[in-house]
Structures are given as structure tokens and as C-alpha cells.
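The numbers here are math on the coordinates, done by the rules we state, and not lab data. Treat the numbers as computed from the prediction; the structure is a model and nothing was measured. As a convention, Cβ positions derive from the backbone with ideal geometry for all residues, glycine included, and neighbour counts pool all protein chains shown.
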Amino acid sequence: MSTIRCDIVSAEAEIFSGNAQMVVASGELGELGITPRHAPLITRLRPGQVRVILENGEEQSFYVSGGILEVQPQVITVLTDTAVRAADLDEAAARKAKEEAERALANRGAAMDIAEAQAQLAQAAAQLQALERLRRNLKH
């Protein structure tokens, strides 16, 4: 079985580096499934989940705040401002951030720029979605 190296790097640290059978991520135009021998590409990522299927078939999930995904013949690189293992996400904090962003958008207050509120809402919703997918995968 062939594999490709995958590196997930945030502004703070390298979150993951290892060999993978497949990497699934949310690109701007939809879901991407990348396997060994995939054509080279660069695309922007939406906030959401990146799933890495390891050599042994085990799946690891990560939340990314958006960023860039680059595919080269021997390596897949995910560059992002924020990356967190899905199991380490704080559901209560994500729900609170989502509610605050929704409130700011509803009030159109001066306390927060509308674009900033929309970005925070998208990130909080993506974190909650990553947590939900992780729960569903654990049940199976």
C-alpha cells in the first residue's frame, strides 16, 4: 500500500507529520480527497476538518481555521493559522464563541466589525462540526 507524507503546520507549531493513505480537507470549492500520486495543486482551505487516514487505516481528525493546502509528489502540506486535534477542541468555548458572533451580527453593534463577526461565526461553526463528526466516528 502506497502512502504520502502529510504535514499539518500552524503558526505556533507542527501539529502532525506522518505517512498517510489519504487526506480529506475542505477546499474553497468543496471537499478534496488526496491520495498518493495525486496531481500537484495548491488551494485555499475553508475553516473545518482535515482528516488523515494513516498507513494502518486509523483516522486522525484536526480542526483548521482555514489556510493553504499544497500537494507535491511526495508530500501534502497544510499551512494554517490555527490547527487543533479534533479531540482537543473545547465544545463549550466553541458554542460560546458562536453565540457571541451571532449576537454581534444580529445587533450590528460597533463592538465588532461585521466581517470579523462573520469570520468568528464560521470558525466556531466549523469547530462544532468537527466535534460532531468526531463523535459520529467514535460511535461506529
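Here are a few things to note about the model shown:
- Within the stretch 2-20, the set of residues being more than 13 Å from the chain's Cα centre (by Cα) and surrounded by 18 or more Cβ atoms within 10 Å (Cβ to Cβ) comprises Ile4, Cys6, Ala20.
- So Arg5, is it in a strand (DSSP E or B) and among the basic types (Lys, Arg): yes
- Qualifying positions in the stretch 13-24 - in contact (Cβ under 8 Å) with a residue 24 or more places away in the chain and either over 14 Å from Gly67 (Cβ atoms) or not in a strand (DSSP E or B) (or both): Gly18, Asn19, Ala20, Gln21, Met22, Val24
- Just so you know, in the stretch 35-64 the residues that are part of a strand (DSSP E or B) and of a type in the set (Lys, Arg) include one that is nearest to the chain's Cα centre (by Cα), and it is Arg51.
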